[in-house]
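S.K.: Below is a structure I'd like to ask you about.
The values are calculated or read from the model by the stated rules, or taken from the named source; none is laboratory data. In this text the structure is predicted, and so the values were computed from the model without any measurement. Please note: Cβ atoms are built from the backbone with ideal geometry, for glycine as well, and neighbour counts cover all protein chains shown.
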C-alpha cells in the first residue's frame, strides 16, 4: 500500500482569517489558535508541530508563544502591515516573515481621498442635516473652502503614500512629504514632521507603524496643523496620540479629522461622542473584493514556496 505523507501543521492566528481555512486544508493540517484556551497545553501538544503561522499582521504575536514552537519557520502575514510581528527577533531565530506588499495600496489611497473630501466638504454632516430635516437656506450661504491650491503633507511615502500623492496631484493639491529616510522622488521632503504639519492644510498619515514611531502624530504636530487643518489616518492607530487629537478637536486647536484606524479596535463609540468635525470608518481602507483575493493568493504562494524550499515571494527584511 502507498504510504500516506503527513500534512505540514499550519496555525491560523486570528478568527478574522477563518475564511482561509478551506483554502489551506487540502495541503495542510490546520489549527486555530483562538480555540486553544489553555496555551500551555497547546504549546506542549500541537504547538510543537507548527511549521507556519497564517497571521493578520497588525495583531500582536508574542515572542513567548513563538519561542515555544520548535519547528516554526514562517509567519505569513495576509496583510500588508506586520507591526504585530517582531521581525528582528524572528530573523534572529530563523523564522521568515512575509506580507502582501503593496497589493492594496490603491484601495487604501482611494479611501484616504474619500475621507479627505467627506471631511473637507462636510459631506457626512450635510447628510445628517438633510436627513434630520435641518436643511435651511443658511447652508448654501455658509460655503467651505475648495481643495484646489491647498497643501497636503504625506507622512510616509511608501506604496500607499505614493498612491495618495498621485491622486492629490490630479486634484490640483500641492504635495510634500516627510519620512525618516530619503526617497527617490520629485516630491519635496520637509525638514521635519513638525515642519510638514506647519506647512500643510491636510496631513495624511500613511507610515508603517513600528516601536520607534508610536504617537509620532503628537500634540505639537496636531497643533502645528492648526485650527483649519485636517488630519487623515489610514495607516495605524498607534501612530496618532488619540487623546491629544480628541482634546484638540474639542477645543478647536485642530479643525478636522478623518480616521480609518484607531488605537483600540473596535474603538469604543463613547470615546467619540461629542467630538466635532470627524469622519470615522471601521478600518476598511485596505479590504476590498479586489485586494483581498490578491492578498490571500500571495499568502498561499508564500506558504507553498516555504514548504517546497523555494525563495519566498514577498519576504520582509529587518
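S.K.: Go through (1) under 30 Å from residue 230 (Cα atoms); (2) crowded, with 18+ Cβ neighbours inside 10 Å; (3) over 19 Å from the mean Cα position of the chain (by Cα) and name the single condition residue 272 misses.
M.R.: (2)
S.K.: Being over 18 Å from the mean Cα position of the chain (by Cα), within 16 Å of residue 116 (Cβ to Cβ) and surrounded by 19 or more Cβ atoms within 10 Å (Cβ to Cβ) is the filter here, so list the residues in the range 215-246 that pass it.
M.R.: 225, 229, 230
S.K.: Listed residues 21, 71; which is in contact with a strand residue (DSSP E or B) (Cβ under 8 Å, 6 or more places away or on another chain), in the same structural domain as residue 97 (by TED's automatic domain parsing), in a loop (DSSP other than H, G, I, E, B) and more than 16 Å from residue 87 (Cα to Cα)?
M.R.: 71
S.K.: Regarding residue 275, is this residue over 20 Å from residue 104 (Cα atoms) and either part of a loop (DSSP other than H, G, I, E, B) or modelled with pLDDT under 95 (or both)?
M.R.: When the stated conditions are applied, residue 275 passes them.
S.K.: Something else: Looking at this structure, is residue 190 assigned by TED's automatic domain parsing to the domain that holds residue 144, out of contact with any strand residue (DSSP E or B) (no Cβ under 7 Å at 6 or more places or on another chain) and more than 23 Å from residue 102 (Cα to Cα)?
M.R.: Considered against the rule, which asks whether it is assigned by TED's automatic domain parsing to the domain that holds residue 144, out of contact with any strand residue (DSSP E or B) (no Cβ under 7 Å at 6 or more places or on another chain) and more than 23 Å from residue 102 (Cα to Cα), residue 190 comes out as no.
S.K.: Still on this model: Mind telling me which of the residues 249, 303 ends up being surrounded by 18 or more Cβ atoms within 10 Å (Cβ to Cβ) and assigned by TED's automatic domain parsing to the domain that holds residue 161?
M.R.: 249
S.K.: In this structure, does residue 285 turn out to be surrounded by 15 or more Cβ atoms within 10 Å (Cβ to Cβ), in contact with a helix residue (DSSP H, G or I) (Cβ under 6 Å, 6 or more places away or on another chain) and not assigned by TED's automatic domain parsing to the domain that holds residue 198?
M.R.: Judged against the criteria, residue 285 is a match.
S.K.: Mind telling me which of the residues 298, 312, 303 ends up being in contact with a helix residue (DSSP H, G or I) (Cβ under 7 Å, 6 or more places away or on another chain) and closer than 20 Å to residue 77 by Cβ?
M.R.: Working: 298 fails: in contact with a helix residue (DSSP H, G or I) (Cβ under 7 Å, 6 or more places away or on another chain); 303 fails: in contact with a helix residue (DSSP H, G or I) (Cβ under 7 Å, 6 or more places away or on another chain).
Of the residues listed, the single one that is in contact with a helix residue (DSSP H, G or I) (Cβ under 7 Å, 6 or more places away or on another chain) and closer than 20 Å to residue 77 by Cβ is 312.
S.K.: While we're looking at this one, here's another question. Do any residues in the range 118-145 that are in the same structural domain as residue 173 (by TED's automatic domain parsing) have Cβ atoms under 8 Å from those of residues that are in a helix (DSSP H, G or I) and at pLDDT below 90, where the two are at least six apart or on different chains, and which pairs are they?
M.R.: 126/139; 129/139
S.K.: So, one more: Within the range 108-117, does at least one residue satisfy the condition of being touching a strand residue (DSSP E or B) at 6+ places or on another chain (Cβ under 9 Å), more than 30 Å from residue 297 (Cα to Cα), buried (at least 17 other Cβ atoms within 10 Å of the Cβ) and in the same structural domain as residue 276 (by TED's automatic domain parsing)?
M.R.: Within the range 108-117 (the criterion being touching a strand residue (DSSP E or B) at 6+ places or on another chain (Cβ under 9 Å), more than 30 Å from residue 297 (Cα to Cα), buried (at least 17 other Cβ atoms within 10 Å of the Cβ) and in the same structural domain as residue 276 (by TED's automatic domain parsing)), the answer is yes, since at least one residue qualifies.
S.K.: Here's something else I'd like to know. Please find, among 129, 167, 121, the residue that is farther than 21 Å from residue 202 by Cβ and either modelled with pLDDT under 95 or surrounded by fewer than 22 Cβ atoms within 10 Å (Cβ to Cβ) (or both).
M.R.: Answer to the check: 129.
S.K.: Any idea how many residues of the range 24-53 are part of a loop (DSSP other than H, G, I, E, B), surrounded by 13 or more Cβ atoms within 10 Å (Cβ to Cβ) and without any contact (Cβ under 8 Å) to a residue 12 or more places away in the chain?
M.R.: Residues meeting the conditions: 1.
S.K.: Quick one: in the range 85-118, of everything that is assigned to a loop (DSSP other than H, G, I, E, B) and over 21 Å from residue 294 (Cα atoms), which residue is nearest to the chain's Cα centre (by Cα)?
M.R.: Looking at residues that are assigned to a loop (DSSP other than H, G, I, E, B) and over 21 Å from residue 294 (Cα atoms), I get 85.
S.K.: Related question: Looking only at residues in the range 82-105 that are out of contact with any strand residue (DSSP E or B) (no Cβ under 9 Å at 6 or more places or on another chain) and surrounded by fewer than 19 Cβ atoms within 10 Å (Cβ to Cβ), which one is nearest to residue 154 (Cα to Cα)?
M.R.: Looking at the filtered set, the residue picked out is 102.
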